[in-house]
Amino acid sequence: MSNSAKTGITIVILIIIILIGWLWYSNSHSSAPTTVPAASTAPQSSAPSASPVSQGPNTSGTGLSSASNTSNASLQTDAAAVDSQMNALNTDTTNIDSGLSNSSNVPVQQ
């Protein structure tokens, strides 16, 4: 066999190996589930189940009213609490920016 034939066969084999590896990799990382959950063997109750009650987010410590209160006063209280939190965030951001841009940083003695 000539050198060009050996080189051609080697290139074809490498391409096939790369394609097989790529297909294996893409199939192993697909988003589709690979296992099917087993069917439940427990007897099903014929009694109706209670609907889950939706609970709002935890608003303790935020100044916000409960999630179920939609009165105007509650909405105004929530808007004031959000404004207060945004102002605190802006103050924190300004302090961090000034601390990072301060060129006279002195290392802390340990």
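Here are the numbers for the structure shown:
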{"read-out": "Failed item, numbered, when Gly8 is tested on (1) within 34 Å of the chain's Cα centre (by Cα); (2) at pLDDT 70 or above; (3) among the small types (Gly, Ala, Ser)", "value": "(1)"}
{"read-out": "Test for Thr70: is it of a type in the set (Ser, Thr, Tyr), at pLDDT 70 or above, in a loop (DSSP other than H, G, I, E, B) and over 26 Å from the mean Cα position of the chain (by Cα)", "value": "yes"}
{"read-out": "Set Ser84, Ser65, Ser46, Ser101: member being hydroxyl-bearing (Ser, Thr, Tyr) and at pLDDT 85 or above", "value": "Ser84"}
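The values are calculated or read from the model by the stated rules, or taken from the named source; none is laboratory data. What you see is a predicted model; the values in this text were computed from it and never measured.
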